[in-house]
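**Student:** Mind having a look at this structure? Questions to follow.
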Amino acid sequence: GLSVIHRAGFVHRDIKAHNVVREVGGRIVLMDFSGAWASEPERAPENVSGTPIYMAPELFADRPASAASDIYSLGVLLFYLLSGRMPVEGATATEIKAAHARGARTRLRDLRPELPESVVQVVECAAAHDAHDRYQTAGELEHALVGTMGAHALQPYTEEAAASTAGRRDLKTPVMWATVAIAAVALSAVLLTALRSAPVEAM
């Protein structure tokens, strides 16, 4: 979804749990384009749009929204789905801005020590403080996520494949842990209505 938006020359500006829903039939859909805007800096709106707890640090410094700021919001969403927490927290937009300024953040590893290192690195990279340290496109982020699943990501589902793997439940290997972690991200979208509300509402 983000790839399509960015390719068209727009940024979403409000990626968050409430705007990612599951259709009947299972398709995951990105919603609410009310804050979307052209990505060219000279055409950027003066007002800041988005939900502060998901907003990239540079937006609090009055820099225009970009593909990198959308990537940050998606990284925060993944962080939230895996841990139930946000990397940078605060009760108000002012508190969140101050937390960004002093570099105060929670690390996914401290909340979920059992996650594979590959998964932790992908999420932390997507939600990096500096825009230059993040994935530069949604495609890069997707590629990294698929990569954490190893060869399993390349095997299409068939009844034969399912039968051949039935009974094998060894979750001690890194690849299997990665598969479980990414599956948790996808399945969490199904349970969005059960997720706690974001601490700070949209500005």
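The values are calculated or read from the model by the stated rules, or taken from the named source; none is laboratory data. Here the structure is a predicted model, which is why all the values come from computation and not from measurement. All Cβ positions, even for glycine, are placed from backbone atoms using ideal geometry, and neighbour counts span all protein chains on display. Heads up: the accessible areas ignore ligands, DNA and RNA and are worked out on the full protein's heavy atoms, side chains in. Shrake-Rupley method; radii C 1.70, N 1.55, O 1.52, S 1.80 Å.
**Student:** Just checking, how many residues over region 85-101 are within 13 Å of the chain's Cα centre (by Cα) and open to solvent by 30 Å² or more (accessible area, probe 1.4 Å)?
**Tutor:** 1
**Student:** Also: Under 7 Å by Cβ, and 6 or more places apart or on different chains, what pairs join a residue from region 1-26 that is open to solvent by less than 20 Å² (accessible area, probe 1.4 Å) with one that is modelled with pLDDT of 85 or more and among the small types (G, A, S)?
**Tutor:** L2/A138; V11/A65; V11/S66; V11/A67; V11/S69; I15/S73
**Student:** Okay, next question. From the list A98, A91, A144, exactly one residue is within 23 Å of P57 (Cβ to Cβ), touching a helix residue (DSSP H, G or I) at 6+ places or on another chain (Cβ under 8 Å) and either modelled with pLDDT of 50 or more or not in a helix (DSSP H, G or I) (or both). Which is it?
**Tutor:** A144
**Student:** Do we have A67 as modelled with pLDDT of 95 or more and under 20 Å from H18 (Cα atoms) here?
**Tutor:** Criteria not met by A67.
**Student:** State all residues of region 102-123 that are more than 16 Å from L81 (Cα to Cα), not basic (K, R) and not in a helix (DSSP H, G or I); if no residue qualifies, say none. Break it down stepwise before answering.
**Tutor:** Here is the first cut: in region 102-123, the residues more than 16 Å from L81 (Cα to Cα) are 102-105, 117-118.
Filter once more, so that each one left must be not basic (K, R): 103-104, 117-118.
Matches in region 102-123: G103, A104.
**Student:** To continue, here is another question. Check R105, R196 and return the single one that is modelled with pLDDT of 50 or more and of a type in the set (K, R).
**Tutor:** R105
**Student:** Moving to a separate point now. Is one or more of the residues making up region 109-129 over 20 Å from Y54 (Cβ atoms), among the hydroxyl-bearing types (S, T, Y) and at pLDDT 90 or above?
**Tutor:** yes
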